[in-house]
Amino acid sequence: MASDVVTMDKIVALCKRRGFVFPASEIYGGIANTYDYGHYGVLLLQNVKAEWWKAMLQDRDDVVALDSAIIQHPKVWQSSGHLDGFSDPLVQCLGRCKKRFRLDHLQEAAVEAGEDPALVVCPNCGGELSEPREFNLMFKTQIGTVEESASTVYLRPETAQGIFVDFKQVLAISRKKPPFGIAQIGKSFRNEITPGNFIFRTLEFEQMEMEFFVPPSESTEWYEHWKQQRFDWYTKLGVRADHLRLRPHDEDELSHYSSRTADVEYLFPIGWSELEGVADRGDFDLTQHSKGAKTKIEVYDEATKERYVPHVIEPAAGVGRATLAFLVDAYDEEEVEGDVRTVLRLHPRLAPIKVAVFPLVKKDGQPELAKEIRDTLRRVGQTEYDESGAIGKRYRRQDEIGTPWCVTVDHQTLEDRTVTVRDRDSLEQTRVPIDELVALFAGRLAQDWVSPKPQD
Ligand code: ATP
């Protein structure tokens, strides 16, 4: 089994070929850093989000859910510091290519390569770089007519602020007290004008953010807890541990709101890059909104009989970026009977299609029985029925979209009501009674799973 055969180009090509992800507005030439998700892409995204919700809600008792508005009161962004501080240091190549880059990214890459970050040049053509210019990433729009300056609003650049401004409301109705968290998944928008590397960095993207409110004295304990939880979430979903790391931020990398942050990083084909950040936001946000909205945002501690402002530990992840990591980590090629087979070794719970059902031939009642079996298997998860072309081709197609199991109906099925179950990873084929299929697949989906791809 080949290990690191994956490149970004292969992932982009597979995503397009199988309709997971493709450039948006392509008939007009596309729009930079913007993609559409097709059928399998939508199913995969849904599964990633479902696993995140499960880890936050179903598997614990101290997190509640929220879905706040994308367009908030503009003062939210004033108080949060985004209007003044949410900017990137941009540099432009003064040489041949004139491309734009983020200075912080170029400097991080230089440090990683053991070079002097003060001497960075254009990574594309080696040209000299301009002085950095701060560039605010928030998209502006307006409510009402353009002339009314008072109606300027912003598309949220993170979902977190909706959680902070609703904190009082949630506290009053959720019957929770710190330590507890509020979780949200939703679209965020950033005016990213540097190269996006496919769905790694896009103008609009979904975030999975959870703000965990704690008594100040417990912040270190919970910071450690969430770093580990979030790292483990990826490995439990099959990402190889040696392609993941937790990297603490240096002092000069920290966001305006954070006293300490660690990134969960993945070894993408573009190098180690952030998958998600786990930040200690202290009492920054609640204090800012308390001042901005002129309202007390505090919690009463029964034990000390005192009021206090909770501190916040925040794991903030991107749905698209996590999905890219799952795709990259799952991608594999291997030689089977003289052919190269491309296979996505996705965790079965992430796989867009759980089971594909085929009749071996399109006659003798096989299609009818196969469709009947497919209908029974719907209760296990998303299924697909396919009767077109050679059986080998049908298997390859399912391999490429990561379907863990294929069920084939053949002439023997009509005699003894058994089918062939083919395993995507081992390629083993076993004979299983039709009546046992639901329990077999449901059981396997609930099991722990380890990627069969070798660790480097
Ligand atoms: P980066 O340094 O890569 O721009 P960031 O540190 O600004 O990321 P955060 O503000 O911590 O990112 O956002 C939390 C998570 O949201 C990121 O770890 C990433 O997974 C996701 N994310 C942020 N910006 C984008 C984007 N433009 N496209 C896709 N995902 C994003």
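The values are calculated or read from the model by the stated rules, or taken from the named source; none is laboratory data. As the structure is a prediction and not an experimental result, all values here were calculated from the model. Please note: Cβ atoms are built from the backbone with ideal geometry, for glycine as well, and neighbour counts cover all protein chains shown. Ligands, DNA and RNA are stripped out before the accessible areas are found, and what is left, the full protein with its side chains, is counted by its heavy atoms. Shrake-Rupley method; radii C 1.70, N 1.55, O 1.52, S 1.80 Å.
Any chance you could give the angle, 0 to 90 degrees and rounded to 10, that helix 319-330 forms with the longest Cα principal axis of the chain?
For 319-330 against the chain, the angle is about 40 degrees.
How large is the accessible surface per residue of the stretch 252-404, computed with a 1.4 Å probe and reported in Å² as a whole number?
Spelled out: the 1.4 Å probe surface of the stretch 252-404, per residue, equals 40 Å².
Using 7 Å Cα-to-Cβ label points, what is the ALA50/GLN228 separation (nm, one decimal)?
Once both label points are built, they end up 2.9 nm from each other.
Would you mind calculating the gained length between ALA113 and LEU83 on full extension (0.36 nm times residue separation, minus the Cα-Cα distance), in nm to one decimal?
7.4 nm
Kindly sort LYS98, LYS453 by accessible area of their heavy atoms, largest first, with the probe set to 1.4 Å. Present the calculation step by step, with values, prior to reporting the outcome.
Working: LYS98 110, LYS453 5 Å².
Of LYS98, LYS453, the descending order of accessible area is LYS98, LYS453.
So, in nm, how far is label ASP339 from label CYS97 when the simple model puts each one 7 Å beyond its Cα toward the Cβ?
According to this spin-label approximation, the distance is 3.8 nm.
Taking the Cα centroid of the stretch 308-333 and of the stretch 362-425, what is the distance between the two, rounded to the nearest whole Å?
33 Å
Quick check: pseudo-label points 7 Å beyond the Cα along Cα→Cβ at SER388 and ASP448, how many nm apart are they?
4.2 nm
So how do PHE212, PHE135 rank on accessible area, 1.4 Å probe, biggest first, that is with the largest at the start? Working shown, then result.
Working: PHE212 0, PHE135 45 Å².
Greatest to least solvent exposure: PHE135, PHE212.
Can you send over the carbon and sulfur percentage of the accessible area for the stretch 330-449, probe radius 1.4 Å, protein chains only? Let's see the in-between values first.
Working: 2500 of 5440 Å².
Carbon with sulfur: 46 percent of the solvent-accessible area.
When the Cα centres of the stretch 75-149 and the stretch 273-303 are compared, how far apart do they sit, in Å?
If you average the Cα positions of each part, the centres end up 27 Å apart.
No partner Cβ under 4.7 angstrom, meaning no disulfide-compatible partner by this rule: which Cys of the chain qualify?
CYS15, CYS406
Which angle from 0 to 90°, rounded to the nearest 10, does the C-alpha axis of helix 219-236 make with the longest principal axis of the chain?
Result, in degrees: 20.
For helix 437-446, what angle does its Cα long axis make with the longest principal axis of the chain, in degrees from 0 to 90 and rounded to 10?
Taking Cα atoms only, the helix is inclined about 30 degrees.
Please list HIS39, HIS225 in order of solvent-accessible area, largest first, computed with a 1.4 Å probe with all protein chains present. Intermediate results must be reported in sequence, preceding the final value.
On the way: HIS39 105, HIS225 60 Å².
If we order HIS39, HIS225 from most to least accessible, we get HIS39, HIS225.
Can you give the extra length, in nm with one decimal, that the chain gains between MET8 and ARG378 once fully stretched, where that is 0.36 nm per residue apart less the Cα-Cα distance?
Extra length available between MET8 and ARG378 comes to 129.9 nm.
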